[in-house]
């Protein structure tokens with residue numbers, strides 16, 4: 001009697017995200033893409049080479065494709081700027097995740113302090129490529145914004161610094177954060193400041209009073225969580241292979257003592273829930289516009305930013321499925 005073949009164990013990867021398309025209507029419709037996406041992609045890669053941050057992984061990632069989906073009708077030069085910001089964030093994350101910096105809290109702090117100093121003092125001669133690249137991006141972005149936006153961006157930049165330091169400390173002592181603690185840490189480590197960039201890229205002027213409302217904050221937090229958790233599912237195998245516990249799937253598997261597919265299914269359920277929170281936050285905004293007596297121009301600008309955030313999870317999902325970064 002011939003025994004039946006043993007079915008291969010389920011693998012957690014980017015394809016694990018596909019059921020979301022059937023479960024969440026907002027993730028079902030295909031994204032529009034910028035008609036000049038090839039030129040955008042080429043411009044981002046040229047910038048990466050010029051700034052000294054290019055390598056095989058960054059080129060395979062195709063950040064121009066993500067930027068194209070995020071801003072399909074925005075002038076090309078502005079979309080390129082967002083693509084460059086994406087490339088900078090991922091290059092910085094690779095630097096701290098894949099090398100000794102990821103286990104050096106003091107080193108992370110020094111590098112980040114140098115980045116933050118650029119906002120006030122400009123880029124010093126001989127700066128680290130990550131610092132020089134940030135200086136170039138900040139110079140071209142900050143001039144489009146007002147004091148309220150710059151203060152918010154820098155606050156979120158500092159959140160990212162503190163989250164990166166916390167992750168480095170966890171790696172040294174092999175600490176696995178709890179599910180509750182990880183959710184907040186991941187939101188900060190995902191780079192909250194990246195979602196702030198919708199305003200200068202769209203050249204929108206959102207009133208500072210709106211930026212501090214619960215509805216606006218919930219909109220940004222939900223969009224951040226969804227994209228971060230989707231990214232964690234796509235990269236779970238990579239993080240497991242290198243022994244990095246900073247991944248929602250791995251955190252759930254550890255705390256609940258379950259296998260990775262079961263943990264990934266739990267994270268999928270949380271993503272579905274957060275997509276509902278994203279929609280709820282967006283529906284609350286018109287009432288905030290009226291309460292704050294915003295002008296038609298200000299309400300239109302805020303609505304453009306909100307629409308961009310509502311579309312970001314689908315664009316990010318498409319990018320994860322096609323990017324060479326997660327193959």
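The values are calculated or read from the model by the stated rules, or taken from the named source; none is laboratory data. The structure presented is a predicted model; accordingly, all values stated were derived computationally and were not measured. Cβ sites come from the backbone with ideal geometry, for glycine too, and all protein chains shown count toward neighbours.
For the range 215-241, a residue qualifies if it is farther than 30 Å from residue 15 by Cβ and without any contact (Cβ under 8 Å) to a residue 60 or more places away in the chain, and exactly one does: 217. For residue 60, state whether it is surrounded by fewer than 19 Cβ atoms within 10 Å (Cβ to Cβ), at pLDDT below 95 and under 24 Å from residue 311 (Cα atoms). For residue 60, the condition - surrounded by fewer than 19 Cβ atoms within 10 Å (Cβ to Cβ), at pLDDT below 95 and under 24 Å from residue 311 (Cα atoms) - is met. For residue 286, the conditions (1) closer than 28 Å to residue 97 by Cβ; (2) assigned to a helix (DSSP H, G or I) all hold with the exception of (1). If you go through the range 295-327 and pick out every residue that is out of contact with any helix residue (DSSP H, G or I) (no Cβ under 7 Å at 6 or more places or on another chain) and buried (at least 20 other Cβ atoms within 10 Å of the Cβ), you end up with 1.
Take the conditions (1) within 19 Å of the chain's Cα centre (by Cα); (2) at pLDDT 95 or above; residue 287 misses just one of them, which is (1).
Counting only residues that are out of contact with any helix residue (DSSP H, G or I) (no Cβ under 6 Å at 6 or more places or on another chain) and over 30 Å from residue 276 (Cβ atoms), the range 11-44 holds 4 of them. Would you pick out the residues in the range 260-294 that are exposed (fewer than 13 other Cβ atoms within 10 Å of the Cβ) and more than 28 Å from residue 199 (Cβ to Cβ)? Scanning the range 260-294 gives a single hit, 269. When 245, 267, 272 are screened for being without any contact (Cβ under 8 Å) to a residue 40 or more places away in the chain, more than 18 Å from residue 89 (Cα to Cα) and under 20 Å from the mean Cα position of the chain (by Cα), only 267 passes.
Restricting attention to the range 197-225 and to residues that are in a helix (DSSP H, G or I) and out of contact with any helix residue (DSSP H, G or I) (no Cβ under 7 Å at 6 or more places or on another chain), the residue that is farthest from residue 275 (Cα to Cα) turns out to be 209. Scan the range 174-194 and give yes if some residue there is at positive phi, crowded, with 19+ Cβ neighbours inside 10 Å and either in contact with a strand residue (DSSP E or B) (Cβ under 8 Å, 6 or more places away or on another chain) or in a loop (DSSP other than H, G, I, E, B) (or both), otherwise no. Yes, there is a match, as at least one residue in the range 174-194 is at positive phi, crowded, with 19+ Cβ neighbours inside 10 Å and either in contact with a strand residue (DSSP E or B) (Cβ under 8 Å, 6 or more places away or on another chain) or in a loop (DSSP other than H, G, I, E, B) (or both).
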